[in-house]
Amino acid sequence: MSTRTPLMAGNWKMNLDWKQGLALVEELGEQLKDVDTSKVETVVLPPFVDIRTVQTAVEAGKLPIAYGAQDISEHESGAYTGEVSGPMLSALGCTYVAVGHSERRQYHGETEQITNNKVKAAFAAGLTPILCVGEPLEERKAGKHVEYTLAQLEGGIEGLDVEQAKQIVIAYEPVWAIGTGEVATPDDAQEVCAAIREALQAIYGAEVAGAVRVLYGGSVKSANVAELMEKQDVDGALVGGASLKAEEFAKIAGFQG
Ligand code: PGA
């Protein structure tokens, strides 16, 4: 484990309407009372339509939970039907936004260029992007997982300045481990998270590489989070399924015991 503040982000995906989201976030606030929240950052990424409700609950209860969105438009405003812009998200008190999740890349045709534009749109709106990268099974089987993931990383961060690079969060999510119950081994996670940090060091230098939080994602749960977090270059987790239960997600946030 490193000296960087661990970050546990719950990606709700297309689950929970606003009432269910409200119940979850209130319950999570309760459960986090048993966790030393000065030592870990806990973030939820609800569907867009839940965010206003989450904002109200977090503010009213002074809950130790940050929140954000699962996607962002490349554009700031205008005739882009169905899209939600960065300024709209920051007006709701969002601080994070996931960009380039494999489900966006796979089902919505998000290219490297779109992902890069979205990373920049996040920064322009004062949001911290959580840039998701990671290889499909074929690339892993061919031994090309590091190369593939680093190409996505480099495409996603293209053109960022040093301050932005220092702030970005990278989530390494091997596609074959997402929602499958098949978690990468801690050594697999470490291998790619370390390669990501080395690539950041080569582009931006040691200070940036030492500051950036690199998360692992893919079938993380309370039973496997601690061994992943023991690894030097794993600074947190992007959690899908296990973030939908308050008790379970609070246990993940409280991985330090
Ligand atoms: P999972 O999803 O934890 O359900 O595998 C992770 C993700 O897609 O972020």
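Could you tell me how far the Cα centroid of segment 17-55 sits from the Cα centroid of segment 164-191, in Å?
22
May I ask you to derive the FRET efficiency for residue 92 and residue 256 from their Cβ-Cβ distance with R0 = 30 Å, giving the value to the nearest 0.05?
Working: r = 30 Å, r/R0 = 1.01.
Efficiency, from the Cβ-Cβ distance: 0.50.
Per 5 Å bin, what percent of the C-alpha pairs of the chain does each bin hold, from zero upward?
1, 6, 15, 19, 21, 18, 13, 6, 1, 0, 0
Report the Stokes-Einstein translational diffusion coefficient (µm² s⁻¹, integer) for segment 164-241, Rh taken as the Kirkwood radius over Cα pairs, at 37 °C with viscosity 0.692 mPa s. It would help to have the intermediate numbers written out before the result.
Working: Rh = 12.5 Å.
The calculation lands on 263 µm²/s.
Give me the one-decimal nm value for the distance between modelled label points at residue 27 and residue 147, 7 Å along each residue's Cα-to-Cβ direction.
So the two model labels end up 4.6 nm from each other.
Would you calculate, for the chain, the mean residue ellipticity at 222 nm contributed by helices, counting each DSSP H stretch of 4 or more residues as -39,500 (n - 2.57) and dividing by all residues, to the nearest 500? Write down the numbers at each step before the final one.
Details: 12 runs with 115 residues, N = 257.
Result for the chain, helices only: -13000 deg cm²/dmol.
Per residue, what volume in Å³ does the convex hull of the Cα atoms of segment 38-182 enclose? Spell out each step's value before the answer.
Working: hull volume 20.0 nm³, N = 145.
Output value, Cα hull per residue: 138 Å³.
Let's test the formula: R0 of 30 Å, r as the Cβ-Cβ distance of residue 59 and residue 79. What FRET efficiency results, to the nearest 0.05?
Numbers: r = 32 Å, r/R0 = 1.08.
Efficiency, rounded to the nearest 0.05: 0.40.
Lys/Arg Cβ at +1, Asp/Glu Cβ at -1, dipole of the chain taken about the Cα centre: which of 142, 224, 43 is farthest positive-ward?
The residue sitting most towards the positive pole is 43.
Which of the pairs 231/251; 120/221; 19/120; 166/245 have their Cα atoms more than 27 Å apart in this structure?
On the way: 231/251 18 Å; 120/221 31 Å; 19/120 32 Å; 166/245 31 Å.
Violating the 27 Å Cα-Cα cut-off are 120/221; 19/120; 166/245.
For a quick protection proxy, order the peptides 56-64, 165-173 by their average other-Cβ count within 10 Å, most packed first. Mind showing how you got there, number by number?
Values: 56-64: 15.0, 165-173: 23.7.
Sorting 56-64, 165-173 by mean packing, highest first, produces 165-173, 56-64.
Values quoted throughout were computed directly from the atomic coordinates according to the rules given, and no laboratory measurement underlies them. Predicted model, so just to flag it, every value in this text is computed and none were measured. As a convention, Cβ positions derive from the backbone with ideal geometry for all residues, glycine included, and neighbour counts pool all protein chains shown.
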